[in-house]
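The values are calculated or read from the model by the stated rules, or taken from the named source; none is laboratory data. As the structure is a prediction and not an experimental result, all values here were calculated from the model. Reconstructed Cβ throughout: ideal geometry from the backbone, glycine too, with neighbour counts over all protein chains shown.
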């Protein structure tokens with residue numbers, strides 16, 4: 001699953017998402033094993049990032065269980081059972097601050113994204 005998390009992060013990075021963060025939340029919740037949080041610059045980019053991630057996951061054989069926010073493009077959540085992907089418009093990301101809720105200071109997944 002960790003390789004899939006990294007592949008999602010790479011897909012987001014390749015499509016110009018910003019502030020990409022992956023968290024291992026297995027010890028914090030039963031709703032998923034990993035969360036990926038990223039930002040888009042505008043609603044169109046947020047929607048496009050969500051489509052790109054879903055396309056990549058479908059190709060990898062992962063079924064989307066549920067999604068929320070795709071019509072509005074302000075905060076999209078993609079649920080793949082063991083991985084939740086949150087793609088925020090920059091303003092919403094700062095407001096909801098999921099990092100504060102789900103990071104314990106030790107659970108960030110190292111990502112090797114080309115800079």
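What about residue 83, is it farther than 19 Å from residue 43 by Cα and at pLDDT 95 or above? Before the answer, list the steps.
Details: farther than 19 Å from residue 43 by Cα: yes; at pLDDT 95 or above: yes.
Yes; evaluated as a whole, the condition is true for this residue.
I'd like the residue in the range 1-28 that is within 16 Å of residue 101 (Cβ to Cβ) and touching a residue at least 60 places away in the same chain (Cβ under 8 Å) and, out of all such residues, is surrounded by the fewest Cβ atoms within 10 Å (Cβ to Cβ).
27
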So, of the residues in the range 40-53 that are more than 15 Å from residue 14 (Cβ to Cβ) and within 13 Å of the chain's Cα centre (by Cα), which turns out to be surrounded by the fewest Cβ atoms within 10 Å (Cβ to Cβ)?
47
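For the range 30-63, what are the residues that are outside any helix (DSSP H, G or I) and free of Cβ contacts under 8 Å to residues at least 12 places away in the same chain?
Taking the range 30-63 first, the residues outside any helix (DSSP H, G or I) are 30-42, 60-63.
Matches in the range 30-63: 30, 61.
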Would you check if residue 105 is farther than 12 Å from residue 37 by Cα, at pLDDT below 95 and within 14 Å of the chain's Cα centre (by Cα)?
no
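Residues checked against (1) part of a loop (DSSP other than H, G, I, E, B); (2) in contact with a helix residue (DSSP H, G or I) (Cβ under 8 Å, 6 or more places away or on another chain); (3) surrounded by 18 or more Cβ atoms within 10 Å (Cβ to Cβ):
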{"residue": "77", "(1), (2), (3)": "no, no, no"}
{"residue": "81", "(1), (2), (3)": "yes, no, no"}
{"residue": "85", "(1), (2), (3)": "no, yes, yes"}
{"residue": "88", "(1), (2), (3)": "no, yes, yes"}
{"residue": "91", "(1), (2), (3)": "no, no, no"}
{"residue": "101", "(1), (2), (3)": "no, no, no"}
{"residue": "110", "(1), (2), (3)": "yes, no, no"}
{"residue": "113", "(1), (2), (3)": "yes, yes, no"}
